[in-house]
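S.K.: Dumping the structure here so I can ask a few things about it.
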Amino acid sequence: RNKGSGLLNADGFGGSIKAHFEKADSGVPKGELTFVGMTGLSELEGRLSGVEQKLLMNRLGTFMRAISLEGDSAAQLGAEQFSVLHDAGLDIESAKLQLSEFAMEADPKGIGVSVTAESAGVDALNVSGEDMAQALLYTIQQVAQESNIGRSQALSMNISDRLAKATEHLAEVKTIINTGQFDIAYQPIVGLDDRKVHHFEALVRLNNSPTKMNPFNFICFAEDNGMIATFDMALCRKLISRMKTFAEGGKILPIAMNISGRSIDSDAFVKELRSVIKKTPDLHKSLLFEITETARISDLARANNVIASLRKDGFEVCLDDFGAGQSAFEYLKALDVDFVKIDGQYVVDATASDRDKAFLVAMSGLCNDLGIATIAEFIETEETVKFLKTCKVGFGQGYLFGKAESTAD
């Protein structure tokens, strides 16, 4: 909950939404979601004493809870952003006026705030309560993120359009996972000294996405909607099946599979992964795992235990996209891995800037000191190879060595 208003935060609101709509699965989900913006609220709080701030925020929170479904379906998503799930018959204009009056009454300068609202009915989308809950949660998270980074236009896009798009993506992602409508492409990772292929990275390719989702957006959407562990397991099963086929043809191809940080956080996923790979002991020396940083790992100590168990069984583990996220060095300190893949943008920047080169050299040197091999992405020229070798980077990936192809031959 937000300490000032007492309203739920984005996560708490998501849980409330989920519980409400899952109960509605016996019928059509009812209600309306409204995002409320109160531009100028932060400035108003700055004009008030601590006690006055507390009284105002408590008043706003009490009112929003009172007009919400079940009396506690309201949230504060940012300093000036709120959201309320309410009955479709609520008079939004009257609610906006009341919020404006609360602010004006509290303001010693009589300036007040500007109140805006965007609403969307949920019964018009014709989806199950569970799917509606996921679509709403995704939309709420997006608006909350925009609000947290100061995007005042967070409410400028029609909420009905957002929800409709979210439910469309949700249906597509579920279909792709359930039917296996995705393919795998393979891109080589080579030693920069000998140019020999060390292993391939398995990359997801979507088959005729009706909403034109690219693989990156697909993965991010699956992470945000709690479906990434299911997808990662589907990918794992398909990849292992392909690797068995390669092996039967006399080709032993070491291949790295990406696993989301959120999947590593899932006990159910880890248990199923252990079960699947236990049945294929002949692939232990050929299958690698890349832990991606698209979604933050919540429990690093637990994640390292999972990584340690994989390495104990003969699997090598790579930390992907190193340097791209804020927690990169925290991960490196906490996770015992075999490889670190340096984010491609670092490679591009380092070739053009002495300052960025210093960072790349420092990254590579630290990894080498820890006994961790380094892989650089986005290599397209021989000049980049020469540069990376001076930085003591051991392996490379990029168009110079080969694009991602659907056949690893």
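The values are calculated or read from the model by the stated rules, or taken from the named source; none is laboratory data. Every value quoted in this text rests on a predicted model; they were computed, and no experiment measured them. Cβ sites come from the backbone with ideal geometry, for glycine too, and all protein chains shown count toward neighbours. Just the protein is used for accessible areas: all its heavy atoms, side chains included, with ligands, DNA and RNA removed. Shrake-Rupley method; radii C 1.70, N 1.55, O 1.52, S 1.80 Å.
S.K.: Select from segment 252-268 the residues that are touching a Ser or Thr at 6+ places or on another chain (Cβ under 9 Å) and open to solvent by 70 Å² or more (accessible area, probe 1.4 Å) and write down the one among them that is farthest from residue 291 (Cα to Cα).
M.R.: Filtering first and then ranking leaves 252.
S.K.: For residue 314, all conditions in the list (1) on the phi < 0 side of the Ramachandran plot; (2) open to solvent by less than 40 Å² (accessible area, probe 1.4 Å) hold save one; what is the number of the exception?
M.R.: (1)
S.K.: Which residues, counting only those in segment 68-106, are in contact with a helix residue (DSSP H, G or I) (Cβ under 7 Å, 6 or more places away or on another chain) and modelled with pLDDT of 95 or more?
M.R.: 98, 99, 102, 103, 106 - these are the residues of segment 68-106 that are in contact with a helix residue (DSSP H, G or I) (Cβ under 7 Å, 6 or more places away or on another chain) and modelled with pLDDT of 95 or more.
S.K.: Now for a different question. Looking at segment 217-250, which of the residues that are over 23 Å from residue 11 (Cβ atoms) and free of Cβ contacts under 8 Å to residues at least 24 places away in the same chain is most open to solvent (accessible area, probe 1.4 Å)?
M.R.: Taking the candidates together, the pick is 248.
S.K.: Another question about this same structure. Which is surrounded by fewer than 22 Cβ atoms within 10 Å (Cβ to Cβ) and touching a Pro at 6+ places or on another chain (Cβ under 8 Å), of 59, 65, 47?
M.R.: Within the list 59, 65, 47, the selection yields 47.
S.K.: Right, another one. In segment 39-71, how many are under 20 Å from residue 15 (Cα atoms) and without any contact (Cβ under 8 Å) to a residue 40 or more places away in the chain?
M.R.: Counting residues in segment 39-71 that are under 20 Å from residue 15 (Cα atoms) and without any contact (Cβ under 8 Å) to a residue 40 or more places away in the chain gives 4.
S.K.: Return yes when residue 286 is polar (S, T, N, Q), under 24 Å from residue 399 (Cα atoms) and either touching a residue at least 12 places away in the same chain (Cβ under 8 Å) or in contact with a Gly (Cβ under 7 Å, 6 or more places away or on another chain) (or both) and no when it is not.
M.R.: Against the criterion (polar (S, T, N, Q), under 24 Å from residue 399 (Cα atoms) and either touching a residue at least 12 places away in the same chain (Cβ under 8 Å) or in contact with a Gly (Cβ under 7 Å, 6 or more places away or on another chain) (or both)), residue 286 qualifies.
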